[in-house]
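Trainee: Structure in structure tokens, see below.
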Amino acid sequence: THFGFETVPEGEKAGRVQGVFTNVASKYDIMNDVMSVGIHRVWKDAMMDWLAPRAGQRLLDVAGGTGDISFKFLGRAGSGHATVLDITESMLVEGRQRAEANDMATQLDWAVGDAMALPFKDNTFDVYTISFGIRNVTRPQEALNEAYRVLKPGGRLMVLEFSQLPNPMMQKAYDLYSFNVIPRMGKLIANDADSYQYLVESIRQFPDQETFLSMVKAAGFENASYRNLSLGIAALHSGWKI
Ligand code: SAM
């Protein structure tokens, strides 16, 4: 283990995750910008570039939080519909306020639910996205299996998540930065070091690009591949339900 981080027992993970996001909901958008120096916007735009939303598509944005991905998707698609699902209601409340302010409310639905047991029928959506969400899910493979189930044949999966840097020296430098700087910044700005400690631990524990790719394939997705973002600090994984 690195820097003494603990592994959260599986049974406690969901509760802890909800606690973290309930605490940060009202400050989530601003903290995202501060912590990533705005880079999360560049990554989300790269996600949209690869996804290439089309008019009329039906999106399910899981762990959608305050709605960033859905807003970008609908903006690019021009027309269409997005369902934002999240396990933390207070994140969705923030998102719905943003949607109303942006006159996008009619194109959006908001649903509380768990990525591992989606409250939707088989073959419902054209696109499934999960952005910085799947590493918080207790059993990510089950979330991927559910993604496959609710997508229509021809539907597409796109996952944006923190990943591992292939270069060990760079990974070491990045670990030093994240384990020392991020929790302190979280304390300073949000008076919440623990939530940001959780953030860096969950990033380091998440499977690397190749391992996650094999999980995408195991869920049944075809033509699965990934792209690194910012040297592998984050990665996009894509797959198709044929
Ligand atoms: N997708 C948004 C973005 O990219 O800005 C929000 C990401 S936020 C870092 C992670 C979100 O995952 C939180 O809103 C949290 O409530 C949600 N989440 C965690 N576990 C979940 C689960 N099992 N099912 C659905 N959502 C979950």
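Trainee: Checking the conditions here, which among A63, A52 is among the hydrophobic types (A, V, I, L, M, F, W, C) and surrounded by fewer than 20 Cβ atoms within 10 Å (Cβ to Cβ)?
Mentor: Only one candidate passes the filter, namely A52.
Trainee: Across the stretch 54-77, what is the number of residues that are more than 16 Å from the ligand (Cβ to nearest atom), within 19 Å of A147 (Cα to Cα) and not charged (D, E, K, R)?
Mentor: Within the stretch 54-77, residues that are more than 16 Å from the ligand (Cβ to nearest atom), within 19 Å of A147 (Cα to Cα) and not charged (D, E, K, R) number 1.
Trainee: Follow-up. Based on this model, can you work out whether G80 counts as more than 15 Å from the ligand (Cβ to nearest atom) and under 23 Å from K152 (Cβ atoms)?
Mentor: Yes.
Trainee: Can you pull out the residues in the stretch 223-242 that are among the small types (G, A, S) and either in contact with an Asp or Glu (Cβ under 6 Å, 6 or more places away or on another chain) or in a helix (DSSP H, G or I) (or both)? Before you say what the answer is, go through the steps one by one.
Mentor: Our first condition is that a residue be among the small types (G, A, S); within the stretch 223-242, this holds for 224-225, 230, 232, 234-235, 238-239.
Selection gives S230, G232.
Trainee: Of Q197, Q205, which residue is under 28 Å from S70 (Cα atoms), over 17 Å from the mean Cα position of the chain (by Cα) and within 16 Å of the ligand (Cβ to nearest atom)?
Mentor: Residue meeting the stated conditions: Q197.
Trainee: Additional query: Against the condition within 15 Å of the ligand (Cβ to nearest atom) and aliphatic (A, V, I, L, M), how does M170 come out, does it pass?
Mentor: no
Trainee: Before we move on, is E201 without any contact (Cβ under 8 Å) to a residue 60 or more places away in the chain and out of contact with any Gly (no Cβ under 8 Å at 6 or more places or on another chain)?
Mentor: Numbers: without any contact (Cβ under 8 Å) to a residue 60 or more places away in the chain: no; out of contact with any Gly (no Cβ under 8 Å at 6 or more places or on another chain): yes.
The answer is no for E201.
Trainee: May I ask you to say which residue of A101, A82 is farther than 30 Å from S178 by Cα and over 16 Å from the mean Cα position of the chain (by Cα)?
Mentor: That would be A101, the only listed residue that is farther than 30 Å from S178 by Cα and over 16 Å from the mean Cα position of the chain (by Cα).
Trainee: Y28 is checked against (1) among the aromatic types (F, W, Y); (2) modelled with pLDDT under 95; (3) touching a Lys or Arg at 6+ places or on another chain (Cβ under 8 Å) and fails just one. What number does that condition carry?
Mentor: Looking at each condition in turn, Y28 falls short on (3).
Trainee: Then there's this: Those residues that are under 18 Å from Y148 (Cα atoms) and in a loop (DSSP other than H, G, I, E, B), I need them from the stretch 198-222; list them, please.
Mentor: A219, G220, F221
Trainee: Residues in the stretch 43-76 that are without any contact (Cβ under 8 Å) to a residue 60 or more places away in the chain and either hydroxyl-bearing (S, T, Y) or in a helix (DSSP H, G or I) (or both): how many?
Mentor: Of the residues in that region, 11 qualify.
Trainee: Something else about it: Considering only residues that are assigned to a helix (DSSP H, G or I) and polar (S, T, N, Q), look in the stretch 89-140 and name the one that is nearest to the ligand (Cβ to nearest atom).
Mentor: The qualifying residue nearest to the ligand (Cβ to nearest atom) is N136.
Trainee: Which ones in the stretch 135-178 are hydrophobic (A, V, I, L, M, F, W, C) and buried (at least 16 other Cβ atoms within 10 Å of the Cβ)?
Mentor: Those that are hydrophobic (A, V, I, L, M, F, W, C) and buried (at least 16 other Cβ atoms within 10 Å of the Cβ): V137, A143, L144, A147, V150, L151, L157, M158, V159, L160, F162, L165.
Trainee: Would you call R156 among the basic types (K, R), under 17 Å from the mean Cα position of the chain (by Cα) and away from the ligand (no atom under 14 Å from the Cβ)?
Mentor: Numbers: among the basic types (K, R): yes; under 17 Å from the mean Cα position of the chain (by Cα): yes; away from the ligand (no atom under 14 Å from the Cβ): yes.
Here the answer is yes, as R156 does meet what is asked.
The values are calculated or read from the model by the stated rules, or taken from the named source; none is laboratory data. None of these values were measured; they are calculated from a predicted model. Virtual Cβ from ideal backbone geometry, glycine too; neighbours counted across all protein chains shown.
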